[in-house]
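Presented below is the structure to which this report refers.
The values are calculated or read from the model by the stated rules, or taken from the named source; none is laboratory data. From a predicted model like this one, the values you see are computed outputs, not experimental measurements. Cβ placement follows ideal geometry from the backbone for every residue including glycine, while neighbour counts extend to all protein chains displayed. Accessible surface areas use protein heavy atoms only, side chains included; no ligands, DNA or RNA. Shrake-Rupley method; radii C 1.70, N 1.55, O 1.52, S 1.80 Å.
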Amino acid sequence: MRIGILTGGGDCPGLNAALHAVVLTAMVHHDTVIGFHHGWRGVANSEFEELTRTRVRGIIQRGGTILGTARFHPHEHEGAIDAVLATLKAQKIDAVLVLGGDGTLNASFELTKHGVPVIGLPKTIDNDISGTEQCIGHDTAVAIATEAIDRVHTTAESHDRLMVVEVMGRMTGWIAVESGLAAGADAILIPENPVTIDSVVEALQQRHQKGANSSIVVVAEGARVANTDIEEVPTGWPQLAGSPVGAEVSRTLAKRTGFETRLTVLGHVQRGGEPTARDRILAAQLGRAAVSYLHEGLTNILIAGIGDGIRPVPLMEVTRGARTVPEELRQLAMQLTVV
Ligand code: F6P
C-alpha cells in the first residue's frame, strides 16, 4: 500500500511518536509512507517526502512535528479539493492518515464525501474531540500546567498574592480542571461553567477572611466570565492565549478585591517540548492501530482511545462538536475550590 500521512492544526507533543509508530508498523506490511508537509496544504500543493526508517529514527521524544503543520481546510479554499484529489491520484495514495484536532478532522470528514479514504488519529492538548476519550498531547499539557501552578503557589504564598494562571482551552476546560485539581487551585474558571466575576470576588474575599493569605485562580482562555469588561470571547480563530480573558479576570479581581494580583499566561509553553510517557504510548497505540485497521479494509474511521482500549469509531463522530468536561469532574472541581 501507499499510505499518506499528515499532521494538521495546532501542534502538540506526541505527534512524532505517532509518525514513528506508523512507519515501523507500515514496514512490517511493506507499505510506503508518504508524509505531506503542513497538513492538507501540503497535499493541495503537492509538498511531501517519503517517511523512511531513517527519517523517523530518534524522534519519539521530540516535541512538535517533523512534517510541519497548518490550519488548512481544503473545502474553505477555492480549487483546493481538486488539487488534493489530483495529488493523491498522482501519488497513488490508498488512504490518508490524519493526525488532527477538531478542525482538521472535520475538514477531513468533508474530504471523505469527495472519495478520499481517511483514518483520523485524535491529537490536541485541549482533549475536546468527540468520539474519543483520549487525545495525543493532552497528558503532556496537563503535566506542564500542573507543574507551573505548583511553582506559582510558592511565590504566591511568599508575597501574600492572588495569582491568576491562564491555560489553554478554547472551547472546553479540560486542561484548567485537571491541572487546577492536581495543583490545588482555589478557583477554576472554564467555558462550560459561565460565572459572574462577582461570585469569584465574593468567594475569594471569604477565603481570605477565613485566614488564607494567597489564592490561585486558574482560567481557561475560553472561559466565560460575566460582569467584566470582556464583551464576548471572539469567534473564528483569533489568538486567545494572553488576551483577553486572563488579563481581564486578573485586572478585575485586583480592582474588586484589593488583593495584590499577578497574571501568568502559560500559552504555547503547554504545547512545546517533550511528550510524557503516557502520550508517547498513546501515540504508539494509535499509530499502530491505524495501519492495522487500514489493512483490515477499514477507512473513514477515527482511531479512538476509550477507557483502556483503542478502537475504531466512524469518522463522523468528530462532527458532533466539542467534547466538554463531564459533569462529575466539574462537580469535583467545584467541591474542592471556592468557585
Ligand atoms: O491546539 C489547540 C490550541 O492549543 C488551543 O488551546 C489554542 O486556543 C490554540 O490552539 C492556539 O492556536 P495558535 O497556536 O494558532 O495560536
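Brief remarks on what is shown
- When Leu88, Leu105 are screened for being open to solvent by 10 Å² or more (accessible area, probe 1.4 Å), part of a helix (DSSP H, G or I) and modelled with pLDDT of 95 or more, only Leu88 passes.
- From Glu192, Glu157, residue being over 30 Å from Arg288 (Cβ atoms), within 15 Å of the ligand (Cβ to nearest atom) and open to solvent by 10 Å² or more (accessible area, probe 1.4 Å): Glu192
Quick grid of which residues meet (1) closer than 21 Å to Ala284 by Cβ; (2) free of Cβ contacts under 8 Å to residues at least 40 places away in the same chain:
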| position | (1), (2) |
| --- | --- |
| Thr65 | yes, no |
| Arg71 | no, no |
| Gly100 | yes, no |
| Lys113 | no, yes |
| Asp139 | yes, no |
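- Pairing residues of region 292-303 that are assigned by TED's automatic domain parsing to the domain that holds Phe109 with residues that are of a type in the set (Gly, Ala, Ser), at Cβ distances under 6 Å and at least 6 apart in sequence or on separate chains, gives Leu294/Ala95; Thr299/Ala95; Leu302/Gly120; Leu302/Gly131; Ile303/Ala289; Ile303/Ala290.
- Every pair of residues 6+ apart whose Cβ atoms lie under 6 Å, when the first sits in region 269-284 and is at pLDDT 95 or above while the second is open to solvent by 70 Å² or more (accessible area, probe 1.4 Å): Glu274/Gln61
- Test: residue in region 256-268 that is more than 21 Å from Val33 (Cβ to Cβ), aromatic (Phe, Trp, Tyr) and buried (at least 16 other Cβ atoms within 10 Å of the Cβ): yes
- Residues of region 52-85 classified as open to solvent by 20 Å² or more (accessible area, probe 1.4 Å) and touching a Cys at 6+ places or on another chain (Cβ under 9 Å), total: 2
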